[in-house]
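**Q** Handing you this structure, nothing more for now.
The values are calculated or read from the model by the stated rules, or taken from the named source; none is laboratory data. Owing to the predicted nature of the structure, the values given are computational and were not obtained by experimental measurement. Ideal geometry is used to build each Cβ from the backbone, glycine not excepted, and the neighbour counts take in all protein chains shown. In case anyone asks, the SASA skips ligands and DNA or RNA and just uses the protein heavy atoms, side chains included. Shrake-Rupley method; radii C 1.70, N 1.55, O 1.52, S 1.80 Å.
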Amino acid sequence: MTKKKHPQRPSRPLYDNPVSKWIDKRLPVFTFIRHSLDEYPTPKNLNWLWNGGSLAGITLLIMIISGITLGMHYNPDPADAFNSIERIMRDVNYGWLIRYIHVNGASFFFILVYLHMFRSMYYGSYKAPRELLWIVGVLILLLMMATAFMGYVLPWGQMSFWGAKVITNLFSAIPVFGDSIVQWLLGGPNVDAPTLHRFFVLHYLLPFLIVAFVAIHLICLHQFGSNNPSGVEVKKSEDQIPFHPYYTVKDLYGLTIYLLVFAGFVFFAPNFFMEAVNYNPANPLVTPPHIAPEWYFLPFYAILRSFPDKLGGVIGMFSAVSVLFFLPWLDRSKIKSAAYRPMFRPLFWVFILNCLILGWIGQKPPQGWYLIIGRLATLYYFAHFLIILPVVGWLERPLTVPSSISEYCKREHNRRKK
Amino acid sequence: MIRLFIIFILIISPPCLADATTRPPEQTHWSFATPLGTFDRSAMQRGFQVYKEVCSACHELSHIRFRELSALGFNDKEIKAIAADYSIKDGPNDEGEMFDRPALPGDSFPNPFPNEQAARASNGGAFPVDLSLIIKGREDGANYVHSLLTGYGSAPTDITLFEGKSYNPYFEGGQISMPPPLVDGQVTYVDGTPATVDQMSKDVVTFLSWASAPELEARRQMGLKVILYLIVFSMLMYFVYRSVWRNVK
């Protein structure tokens, strides 16, 4: 045996206490905790981008707690919904704090999840054997989008109402059944009381489905453990360290920094991500001059509007998300990390830039140059997945991949010294 | 980030799609606009006077209760007196009749019109908006409302005003139903401040900014403590992290 390089925790039972023993025999909860924290081996070279997952999980928790608290004071009735939000902001003790946490939490959740996904794309985390881990992640993204969309309708401001109208109206593009489906979704011919009520109920329900999918995501993750910046799987014991205390401490440190930024927005720029127009009560008779969804939907909204007809746009928008399900098989390269993929690496950054361009176009009216740029960017978005990734995997001559994670760490160490 | 990116793009993009008829708001210095800024109490009181004597003839302030005016520096007795000036429709009483009574500190500011139709009928078809959220409900709200209140002028020759409209370049489309609401010396300030249009506008914008976000000062005070706490906590966590990881090569 090689001598231990860093302090490992001595293998001691977590449950000396007879009650704990009794419980653990019948419900192995302490064994489970020990297995997933103490004994769970993790690559030792994870960088700060690997904090995203735990931060997103904590944000989900923050959203659920703040959301349940808001739900106790919110009234999902078109005549009172807007006023009940104002009552929360003005009359409920620290209501403004709870609501601003919830509102900004949604944006931060998407920032974290998008970063988490871009990290997976850069380091090839979706590749074998982690394809299902990735697919469950995309399902979580879809659930988050549905939850966020319905949550945005609840304050019953101008953008809430018109956003709900525009998005539900998309389903009318479905041939034959379109109008019936829209009516079924809305609970009537128009966005009204039944719509608001069911959106509230579903907005309350879906986060708990997200929790369930996060659990599945974690089970998938723990099957093979985390990928790492080298993209090389763990080969020997010196490649890895136990999750606790190393990554618990690193995640907690990351959390304090994250909370600093989060608090900065909640306390000093709480409406940064909000549209001012949504502080005006919903008015079905007055269409706002400019209807745009929240920033996290803008790239998909741009794709929707790039198609000349409505059905095409709807199919395009849903394909833009669905294509992610096939990513593990569209990328033909066996090499995971972009660091050793000289052709893919710049193309990854072009893809990011393209996503930002789509986000910018989503804000703009679909006319003139904006429409042309939007169409090109949409084309490039799909080309990246359907043409570039398969072809690059085939054409590319990868650099030499380190033989192990420890070898990678040595290389990085020497590189930093220079 | 996203907004910065968008602003950057807006700067470099050609101005071909900008709405030529609407002028962007003039930028004014506000005491509450800085990260730790507070509302100027005397400006708020003057602004409340302007709201009470001018704006409240048409505009409601439904989300504010009289007792909240303590934030302006009024004491309980003064608030009771202010409230008593307003009349509230209450009831039904034991005989089943609706009745009028003087407002109490727990009441909201009453609506100057019984309903939207009545408001439109007295204002040439236009509906005077509720001012409780006017600052938050407009992009760059404080500057926008101040620009709007002080920005009335005669229409350029190429614009024909509709019946009952006034020209205001800061209003979307340039034609606004509200006639110029302020003229110099319209109110007599108790503290002797000269009541110019600019002064009254600044004061009422300060008051309405408070009405939009009454939690603003408490929020910033708490935020400062939270941030300081997190800075210390993150530094401690940094040392814990470094000490746990010191042997990982």
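**Q** Compute the distance from the alpha-carbon center of segment B:55-69 to that of segment A:356-400, in whole Å.
**A** 52
**Q** Taking only Cα atoms of the protein assembly as shown, what ratio of Rg to Rh do you get with Rh as the Kirkwood inverse-distance radius?
**A** Working: Rg = 29.4 Å, Rh = 28.8 Å.
Radius of gyration over Kirkwood radius for the protein assembly as shown works out to 1.02.
**Q** Would you mind giving the mean number of other chain beta-carbons within 10 Å of the Cβ of each residue in A:264-271, as a whole number?
**A** Numbers: counts 5, 1, 4, 10, 7, 2, 5, 3.
Across A:264-271, the average partner-chain Cβ count within 10 Å equals 5.
**Q** Of A:Asn227, A:Ile210, A:Gly264, which is farthest along the charge dipole of segment A:198-266 in the positive direction, counting Lys and Arg as +1 and Asp and Glu as -1 at C-beta?
**A** Of the candidates, A:Ile210 comes out farthest on the positive side.
**Q** Moving on to the next point. At each listed q (0.10, 0.13, 0.18 Å⁻¹), what is the log10 of I(q)/I(0) that the Debye formula gives for segment B:73-191 modelled as equal alpha-carbon point scatterers?
**A** Reported log10 I(q)/I(0), two decimals: -0.49, -0.78, -1.18.
**Q** Here's a follow-up. With the Cα gyration tensor of segment B:125-221 giving a ≥ b ≥ c as the square roots of its eigenvalues, does the rule (a/c under 1.5 for rounded; else a/b larger than b/c for prolate; else oblate) give rounded, prolate or oblate? Intermediate values should be presented prior to the final figure.
**A** Numbers: a/c = 2.37, a/b = 1.44, b/c = 1.64.
Judged from the Cα gyration tensor, segment B:125-221 comes out oblate (a/c at least 1.5, b/c at or above a/b).
**Q** Here is a further query. Please report, ordered by residue number, every helix of chain A (full DSSP H runs) that is 20 Å or longer along its axis going by C-alpha atoms and whose mean Kyte-Doolittle hydropathy reaches 1.6.
**A** On the way: long enough: A:52-71 (27 Å, 1.82); A:95-123 (41 Å, 0.78); A:131-153 (34 Å, 2.14); A:193-224 (48 Å, 1.52); A:243-268 (35 Å, 1.10); A:344-363 (29 Å, 1.41); A:368-383 (23 Å, 1.00).
Both cut-offs are met by A:52-71, A:131-153.
**Q** Give the average, rounded to an integer, of partner chain Cβ atoms located within 10 angstrom of each Cβ in B:241-248.
**A** Values: counts 9, 2, 1, 11, 9, 2, 5, 8.
What the average comes to for B:241-248 is 6.
**Q** If you don't mind, another one. Can you pick out the pairs among A:Lys127/A:Lys250; A:Lys236/B:Lys249; A:Lys21/A:Lys250; A:Lys127/A:Lys417; A:Lys44/A:Lys418 whose Cα atoms lie more than 24 Å from each other?
**A** On the way: A:Lys127/A:Lys250 26 Å; A:Lys236/B:Lys249 15 Å; A:Lys21/A:Lys250 31 Å; A:Lys127/A:Lys417 32 Å; A:Lys44/A:Lys418 22 Å.
A:Lys127/A:Lys250; A:Lys21/A:Lys250; A:Lys127/A:Lys417, as the Cα separations exceed 24 Å there.
**Q** Taking only Cα atoms of chain B, what ratio of Rg to Rh do you get with Rh as the Kirkwood inverse-distance radius? Each step should come with its number before you reach the end.
**A** On the way: Rg = 23.6 Å, Rh = 21.5 Å.
Rounded to two decimals, Rg/Rh equals 1.09.
**Q** Right, something else. Show me A:390-396, A:299-305 ranked by packing, highest mean number of other Cβ atoms within 10 Å first. It would help to have the intermediate numbers written out before the result.
**A** Values: A:390-396: 14.4, A:299-305: 24.7.
Most protected by this proxy first, the peptides run A:299-305, A:390-396.
**Q** Report the normalised scattering of segment A:1-145 as log10 I(q)/I(0) at q = 0.09, 0.10, 0.18 Å⁻¹, calculated by the Debye formula with identical scatterers on the alpha carbons.
**A** These q points yield log10 I(q)/I(0) values of -0.52, -0.62, -1.09.
**Q** Additional query: I need the peptides A:116-126, A:345-355 ranked by packing, meaning the mean over residues of other C-beta atoms within 10 angstrom, with the highest value on top. Don't skip to the end; give the middle numbers.
**A** Working: A:116-126: 20.9, A:345-355: 15.3.
So the order, starting with the most tightly packed, is A:116-126, A:345-355.
**Q** Right, here's the next one. Take A:Asp77 and A:Ser237, extend 7 Å from each Cα along the Cα→Cβ direction, and tell me the distance between the two endpoints in nm.
**A** Using points 7 Å along Cα→Cβ, the separation is 6.7 nm.
**Q** Restricting to Cα pairs below 8 Å that are 6+ residues apart, what does the relative contact order work out to for chain A? Please round to a whole percent. Walk me through the numbers before you get to the answer.
**A** Working: 476 pairs, mean separation 92.3, N = 418.
Once normalised by length, the contact order is 22 percent.
**Q** Per residue, how many Å² of accessible area does the protein assembly as shown show with a 1.4 Å probe?
**A** Details: 34120 Å² over 667 residues.
The answer is 51 Å² per residue.
**Q** Could you tell me the calculated FRET efficiency between B:Thr157 and A:Ile315, based on Cβ-Cβ distance and R0 = 41 angstrom, to the nearest 0.05?
**A** Values: r = 51 Å, r/R0 = 1.24.
Efficiency for this residue pair is about 0.20.
**Q** What distance in nm lies between label points placed 7 Å from Cα along the C-beta direction at A:Leu115 and B:Thr193?
**A** 4.3
**Q** Kindly sort B:Lys89, A:Lys25 by accessible area of their heavy atoms, largest first, with the probe set to 1.4 Å.
**A** Sorted by accessible area, descending: A:Lys25, B:Lys89.
**Q** Just grab the label-to-label distance for A:Asn271 and A:Lys418, each label 7 Å out from Cα along the Cβ direction, in nm (one decimal).
**A** Simple spin-label model gives 5.3 nm for this pair.
**Q** With Rg and the Kirkwood Rh both taken from Cα atoms, where does Rg over Rh land for segment A:44-293?
**A** 1.02
**Q** Quick one: angle between helix B:41-53 and the longest Cα principal axis of chain B, in degrees between 0 and 90, rounded to 10, please.
**A** Result, in degrees: 30.
**Q** Let me ask another. With the Cα gyration tensor of segment A:322-366 in hand, convert its eigenvalues to equivalent ellipsoid semi-axes via √(5λ) and list them largest first in whole Å. Intermediate results must be reported in sequence, preceding the final value.
**A** Working: eigenvalues 138, 43, 7 Å².
For segment A:322-366, the ellipsoid semi-axes come out as 26, 15, 6 Å.
**Q** For helix B:216-245, report the angle its Cα long axis makes with the longest principal axis of the Cα atoms of chain B; keep it between 0 and 90° and round to the nearest 10°.
**A** Tilt of helix B:216-245: around 10 degrees.
**Q** Also, I was wondering about something else. Report, as an integer, the average count of C-beta atoms from other chains found within 10 Å of each Cβ along A:272-282. Walk me through the numbers before you get to the answer.
**A** On the way: counts 3, 2, 1, 2, 9, 3, 2, 9, 7, 4, 0.
Mean partner shielding for this stretch: 4.
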